[in-house]
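Student: Once you've had a glance at the structure underneath, I'll fire off some questions.
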Amino acid sequence: MDFDFITDEKFRNILTRDFEELNKCLEAKASKSVLILAGSIIESILTDYFTNFPPSGLNPKKVLNMDLAPLIDLANEHKLISQSTKDLSTVIKNYRNLIHPGREIRKNERFDFDSAVVAKSLLNIVLKEIKENYLNNLGYKASDIISKLENDALSQQIFEKIITKLHKSEKIKLYNLLVKYDLKETNYPTQLTAPKKYIRILKSHVDREVVVAQLMRLVNKIETGEKWEVMTYIYLLYDDLNFLDTNNIELILLYVMNVLTEGTKKEQETENYVNKRLFSIFGTHLITEDLKKEFLTLACSIVNNHTTKKNYIYFVAYDQLINSIGTDKKEKVKEFIIKNTSTSSSDKFYKGYSNGDYLPF
């Protein structure tokens, strides 16, 4: 069973885990575990649905306190499941109480492996029906918007109008899909260009926690991933670094500064980072001595490694870097560079830079 219609990633992972565990329990003929997990999965999905689409007279808090039986009745009432599916659900509904040993004894509940097999089959029927109706009630889906963007680039105004027709859960899913797009974590037949501009628009429509979750993925990539993954994440998300605490900001920017410093040794790599404006992201975050030190090291590296062939790239990189800090600090940075680089390098660099002509022609 694919739980891709569930927006919350943690919740979706839990359901996937429980469904896999249920199958393993079925293979092991652990009947009681199968029966309990079947009821738990249905109860969880119905709770998720009715907290996203609370019926009249119910709020999400009340929904969270409902048991499986009234949730099934509610699902039938709101056409999420058919009458026949509701009737079939009685089997799972009754066995959900097996989680309480006292009730098992008091009510003399009897079950065997055949009951578990029936419960698994019923679970598949119920899940299929819930999924179909769940998606129908959402209206536009995140995948629909991705497909539209791939085949027809949208202006900012049109994109903003379309996303107002998305349910909140699909907005979250769309945001996460757009972030993953450049990371090649999704397989699409055509290519969407410039997902970042859509991410910028969409982030005001999702909760801060959604953005922070992606930023923490960036932290994880620094610790366990590859350089290209980190630099893709930082390009997409650097506008929101202030959502993180000081320690994580420092970790991210120290890593990025080291990558940029190393990158200045290669013209093509420097040009790539310049085009993404990655030299401009540091100024407001220079909050520790280590960050200030690495910032100055990066500035010196730009001056030392600039080449005659594509000197304009290094001028733009320097311009992005120096303009990210306050005016009062610019001269101090320049003094530091002149003091810590060779005279020939700094003289040559600042002579070209002072002309203000960075065009490649």
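Read the figures in this text as sums done on the coordinates, not as results from a lab. Nothing here was measured: the structure is a model prediction, and the numbers come from that model. Here the Cβ positions follow ideal geometry from the backbone for every residue, glycine too, while neighbour counts run over all protein chains shown.
Student: At 7 Å along the Cα-to-beta-carbon direction for both Thr246 and Thr16, put a label point, then send me their distance in nm to one decimal.
Tutor: Between Thr246 and Thr16, the simple spin-label model gives 3.7 nm.
Student: Compute the distance from the alpha-carbon center of region 323-342 to that of region 22-76, in whole Å.
Tutor: Using only Cα atoms, the two centres lie 62 Å from each other.
Student: Over 29 Å between Cα atoms, which of Lys79/Lys120; Lys62/Lys196; Lys29/Lys128 qualify?
Tutor: Where the Cα-Cα span goes over 29 Å, the pairs concerned are Lys62/Lys196.
Student: A further question on this structure: Got a sec? How would Phe295, Phe5 order by Cβ neighbour count within 10 Å, fewest to most?
Tutor: Phe5, Phe295
Student: Which entry is the computed P(r) over Cα pairs in 20 Å bins from 0, in percent for this structure: [x] 32, 54, 14, 0; [y] 30, 60, 10, 0; [z] 24, 41, 24, 11, 1?
Tutor: Answer label, from the structure shown: [z].
Student: Restricting attention to region 208-301, which trypsin sites (Lys or Arg not before Pro) occupy a DSSP loop and are surrounded by at most 12 other Cβ atoms within 10 Å?
Tutor: When the trypsin sites (Lys or Arg not before Pro) of region 208-301 are filtered for loop state and at most 12 Cβ neighbours within 10 Å, Lys265, Lys266 remain.
Student: Sticking with this structure for a sec: Would you mind classifying region 1-71 by shape? Square roots of the alpha carbon gyration tensor eigenvalues, ordered a ≥ b ≥ c; an a/c under 1.5 is rounded, otherwise it is prolate if a/b is larger than b/c and oblate if not.
Tutor: oblate
Student: Order by neighbour count: Asp67, Asp319, fewest other Cβ atoms within 10 Å first, most last.
Tutor: Asp67, Asp319
Student: Further question: For an R0 of 41 angstrom, estimate the FRET efficiency from the Cβ-Cβ distance between Ser82 and Asp152 and round to the nearest 0.05.
Tutor: 0.65
Student: Now for a different question. Sort Met257, Met66 so that the residue with the fewest other Cβ atoms within 10 Å of its own Cβ comes first and the one with the most comes last.
Tutor: On the way: Met257 24, Met66 17.
Fewest-to-most Cβ neighbours within 10 Å comes out as Met66, Met257.
Student: If r is the Cβ-Cβ distance from Ser354 to Lys168 and R0 is 45 Å, what FRET efficiency results, to the nearest 0.05?
Tutor: That pair, Ser354 with Lys168, gives E of 0.30.
Student: Tell me what the chain gives for mean residue ellipticity at 222 nm when only DSSP H runs of n ≥ 4 count, each as -39,500 (n - 2.57), the sum divided by the residue total, rounded to 500 deg cm²/dmol. List each step's numbers first, then the result.
Tutor: On the way: 19 runs with 251 residues, N = 361.
Using -39500 (n - 2.57) per qualifying helix, the result is -22000 deg cm²/dmol.
Student: Using a Förster distance of 51 angstrom, determine the FRET efficiency expected from the C-beta separation of Lys329 and Lys61, and round it to 0.05.
Tutor: 0.50
Student: What is the distance, in nm, between label points placed 7 Å from the Cα along the Cα-to-Cβ direction at Phe53 and at Thr284?
Tutor: 3.9
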